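Read the structure below first, then the notes.
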Amino acid sequence: MPGFPTILEEVAEVFQKRQEDVAKTAIDVQNRISHLSEGSFVSKGRKIDPDILALSVKHLERLFDSTHGGFGSAPKFPSTPSLDLLLRFADQTGDTTALSRVTYTLGKMAWGGIYDQLGGGFHRYSTDAQWLVPHFEKMLYDNAQLSQLYFSTYQATRQNFYVQIGEEILEYVVREMTDPQGGFYSTQDADSEGAEGLFFVWTAQEMDLLLGEKNAAFLCRYYGVTPNGNFEGKNILSTARPLSVVCQEIGIAFCDGQEILREGNAILLREREKRVKPFRDEKILTNLNGLMISAFVKGYQVTRKKPYLIVAQKAAGFILEHLYKEGRLLRTFKNNTAKLNGYLDDYTYFMHALLDLYEATMASHYFDQTCLLATCLVDQFWDDTEGGFFFTSDDHEKLIARQKPFTDQSVPSGNATAASALFRLFHLTHDQRWFDLAEKTLHCFSQAMEENTYATGNFVAVADFYLRGPKEITIFGDIASVAVETFLARIHQLYIPNKIIRVMPATPTSAGPAVMICQTGPATAGGTCSMPLTDWEKIKTALLGR
């Protein structure tokens, strides 16, 4: 491959000798980009295939790595949307293979070097197929999406391991990535002191000096630490075998092994804090904060730990105070300055976050703010001609073309999250315009879903919500009461991917506290509703359909 200076010299030479050809090519490229952005890829009203979820899972099966988990080979990324589809399919069909692919992958990832075994949080991706050697950068968007996936997998399996990893991610974000004012920072670099991963790796000698010979031997065995190392002469910590197996090999009780591990981790983490840390990008981006707020709400719903909800509320308050001006969202905040018009994903991710906060608290200002943002979203981003949402607003600076993002990149598709948020608004308001816009957005990109499942996982998840319809769960009673809290705590232990939750004051007819479950069809706010129920086993049966 030629070096960049060589390429520049060649470009300069071509421009000097063939200016007319260059100008013609530039115009052709501009026309092609504009053609794509104007909706040539959309399906023009094509219906959603009712089997889209099954077809997507079939495609993902061909990509699944049955040895190490995940999809494809090195470099290997978490692929959170694809794993979410497998969870949904397992829920819809009872397919145990789909569920085991999720649990196997999430286990391999959490035991591997891609996960920070001491401090929590995932690195960007693995440079190998087995999740051992990561690119050590940590991204807010990865950890926001992965924490929610681990909490969902806990709900689907009731195995505490998954909720433990989800909580460790959130604790890492609180400790390392949260601004004192409440917003979340964007990234941590891979390098420190000029070397990638230096902050995170260890030698066997360091372990001996810090932990003592006996405890060091135990932790080295558990984390795979050797004198030769597994990364440039040092060791990335990973766990190839369960703690119980290591305890058995050494001949100690499991509870003793747990204590050695807990004390050893604390010592290593304290020592690591003395090192030069990787650079932290302290930009606070509206879109990424939206993702992370939703993650903390999910953590609160599953664990009922109030501090997670407080973190989410504080972050939302920060966005509304600093990045919401004159009815519009701004993109970025740093050094006490907010700037740049908000993009599509700033609006849609933050709308989701506000709806999550609303369902968690029933505080009306979160719902009212979502409605205001939805109106602005449609006014500024909707394509009246072809349907779907542009990435930039109507009054954004003029670009070569206004793109419509429909694939997932490292973050969810802006159009997919727009459709999802509007469907949720419809089921909360019964305002048909939100449903119509969301449905048209789905139809615009239905062909893209069928042709590239791996890149449209979030869209397929929205299609699943649309096709199956949500379970609308109404709890009658005071949200601050013990009875309602008990119902909410139990409901959030269950995996119900398509649900809408309301808490309403008890009425004489509802005889609250009680729970009513409506299975809503895709094109109506009505559906089949249960009577208000008070017995948990009956409520659980109505929720799960089994």
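Values in this text are rule-based calculations from the coordinates and carry no lab data. Predicted, not measured: the structure shown is a model, and the values here were computed from it. Here Cβ is always computed from backbone atoms with ideal geometry, including for glycine, and neighbour counts include all displayed protein chains.
Most exposed first by the Cβ proxy, i.e. fewest other Cβ within 10 Å, how do Tyr366, Tyr454 rank? Display every interim value, and only then the final one.
Details: Tyr366 20, Tyr454 17.
Ranking Tyr366, Tyr454 by Cβ neighbours within 10 Å, fewest first, gives Tyr454, Tyr366.
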TODO: Kindly state, to the nearest 0.05, the FRET efficiency for Leu494 paired with Ala363, given R0 = 25 Å and r defined as their beta-carbon distance.
DONE: 0.60
Task: P(r) tail fraction, the chain - alpha-carbon pairs more than 40 Å apart, % - done: 29 percent
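Sorted by mean Cβ packing within 10 Å, highest first, what order do the peptides 325-335, 152-162 take? Intermediate results must be reported in sequence, preceding the final value.
Numbers: 325-335: 15.1, 152-162: 18.8.
Descending mean neighbour count gives 152-162, 325-335.
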Open item on the list: Below 8 Å between Cα atoms, with a sequence gap of 6+, how large is the relative contact order for the chain in percent?
Closed with: 14 percent
Task: Peptides ranked, highest mean first, by Cβ atoms within 10 Å: ranges 394-400, 243-249 - done: 243-249, 394-400
Open item on the list: Could you tell me which residue out of Leu63, Leu140, Tyr466 lies farthest along the dipole of the chain toward its positive end? Charges go on the beta carbon: Lys and Arg +1, Asp and Glu -1, centred on the Cα centre.
Closed with: Tyr466
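About its Cα centre, what dipole magnitude does the range 380-427 give when the only charges are +1 on Lys and Arg Cβ and -1 on Asp and Glu Cβ, stated in debye to the nearest 20? Walk me through the numbers before you get to the answer.
Numbers: 4 positive and 7 negative charges, 33 e Å.
I would put it at about 160 debye.
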TODO: Report the calculated FRET efficiency for Thr541 and Leu55 (r = Cβ-Cβ distance, R0 = 30 Å), to the nearest 0.05.
DONE: 0.50
- [ ] Work out the charge dipole of the range 307-422 with +1 on the Cβ of Lys and Arg and -1 on the Cβ of Asp and Glu about the Cα centre, then indicate which of Leu329, Phe318, Leu357 is farthest towards its positive end.
- [x] Phe318
Open item on the list: Net charge around His123, counting only other residues with Cβ within less than 12 Å of its Cβ (Lys, Arg = +1; Asp, Glu = -1)?
Closed with: -2
- [ ] Output the relative contact order of the range 469-546, whole-number percent, from Cα pairs under 8 angstrom with separation of 6+ residues.
- [x] 36 percent
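Please arrange His492, His123 by counting, for each residue, the other beta carbons lying within 10 Å of its beta carbon, fewest first. Walk me through the numbers on the way to the answer.
Details: His492 20, His123 27.
Going from least to most buried by this count: His492, His123.
At 222 nm, what helix-only mean residue ellipticity would the chain give, in deg cm²/dmol to the nearest 500, using -39500 (n - 2.57) for each DSSP H run of four or more?
Using -39500 (n - 2.57) per qualifying helix, the result is -17000 deg cm²/dmol.
What ranking do 130-142, 218-230 get when scored by the average of other Cβ atoms within 10 Å per residue, highest first?
Details: 130-142: 22.5, 218-230: 18.0.
Top of the packing list down: 130-142, 218-230.
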- [ ] Mind sorting Lys108, Lys283 by how few other Cβ atoms lie within 10 Å of their own Cβ, fewest first?
- [x] Lys283, Lys108
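With +1 on each Lys and Arg Cβ and -1 on each Asp and Glu Cβ, how big is the dipole of the chain about its Cα centre, in debye rounded to the nearest 20? Display every interim value, and only then the final one.
Details: 53 positive and 65 negative charges, 210 e Å.
Result for the chain is approximately 1000 debye, rounded to the nearest 20.
Considering only DSSP beta bridges with both partners in the chain, what is the antiparallel share in %, to the nearest 5? Working shown, then result.
Values: 33 of 39 bridges.
Within the chain, antiparallel bridges account for around 85 percent of the total.
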